Amino acid sequence: MGSTGPNQCFNDEYAALYLAGRVRAIANIKTEPIEPCHREFLRHMRVRANLVVPILTHQGLWGLLVAHHCQHPRPWSEPEIQQMQQGALVLATASSIQSSH
């Protein structure tokens with residue numbers, strides 16, 4: 001959608017959390033205790049639930065792998081979270097990502 005989100009919500013503090021391996025599974029953006037600007041960012045994209053895992057390389061945090069569910073709130077199962085983490089590991093070792101540093 002061409003947006004990286006508001007800077008006041010996605011700053012170096014959040015990057016540090018993901019660099020440390022943070023995984024964030026939000027089942028319902030309306031009830032999850034998140035920053036109002038984050039909630040509004042997700043609401044603007046019509047997201048109802050999201051799952052975020054870091055893509056970590058030897059050089060650090062390359063990016064985030066994000067799954068959005070837009071129809072209704074959705075609890076994320078442990079196997080789904082593990083699949084996303086596996087996907088992030090695969091991406092982190094991709095030659096195109098390794099050569100982008």
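The values are calculated or read from the model by the stated rules, or taken from the named source; none is laboratory data. Given the structure is predicted, the values throughout are model-derived calculations rather than measurements. All Cβ positions, glycine included, derive from the backbone under ideal geometry; neighbour counts span all protein chains shown.
Based on what the data block shows, is V47 buried (at least 18 other Cβ atoms within 10 Å of the Cβ), not in a helix (DSSP H, G or I) and not acidic (D, E)? For V47, the condition - buried (at least 18 other Cβ atoms within 10 Å of the Cβ), not in a helix (DSSP H, G or I) and not acidic (D, E) - is not met. Just checking, does segment 14-25 include any residue being among the basic types (K, R) and under 15 Å from the mean Cα position of the chain (by Cα)? Checked segment 14-25: at least one residue is among the basic types (K, R) and under 15 Å from the mean Cα position of the chain (by Cα).
Picking from residues in segment 87-101 that are among the β-branched types (V, I, T) and in a helix (DSSP H, G or I), the one that is surrounded by the fewest Cβ atoms within 10 Å (Cβ to Cβ) is V90.
So that you can scan it fast, the table gives a plain yes or no per residue for (1) in a helix (DSSP H, G or I); (2) more than 16 Å from A15 (Cβ to Cβ); (3) not hydroxyl-bearing (S, T, Y):
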| residue | (1), (2), (3) |
| --- | --- |
| H38 | yes, no, yes |
| L56 | no, no, yes |
| G63 | no, no, yes |
| A67 | no, yes, yes |
| Q85 | yes, yes, yes |
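Among residues of segment 1-23 that are at pLDDT below 90 and part of a loop (DSSP other than H, G, I, E, B), those with a beta-carbon under 7 Å from a residue that is loosely packed, with under 10 Cβ neighbours inside 10 Å and of a type in the set (V, I, T) at least six positions away or on a different chain give the pairs F10/T4.
For P79, work out the one condition from (1) closer than 21 Å to Y14 by Cβ; (2) more than 15 Å from the chain's Cα centre (by Cα); (3) in a helix (DSSP H, G or I) it doesn't fulfil. For P79, the failing item is (1).
Entry remark, segment 69-86: residues being surrounded by 14 or more Cβ atoms within 10 Å (Cβ to Cβ) and either among the aliphatic types (A, V, I, L, M) or touching a residue at least 24 places away in the same chain (Cβ under 8 Å) (or both) number 7 in total.
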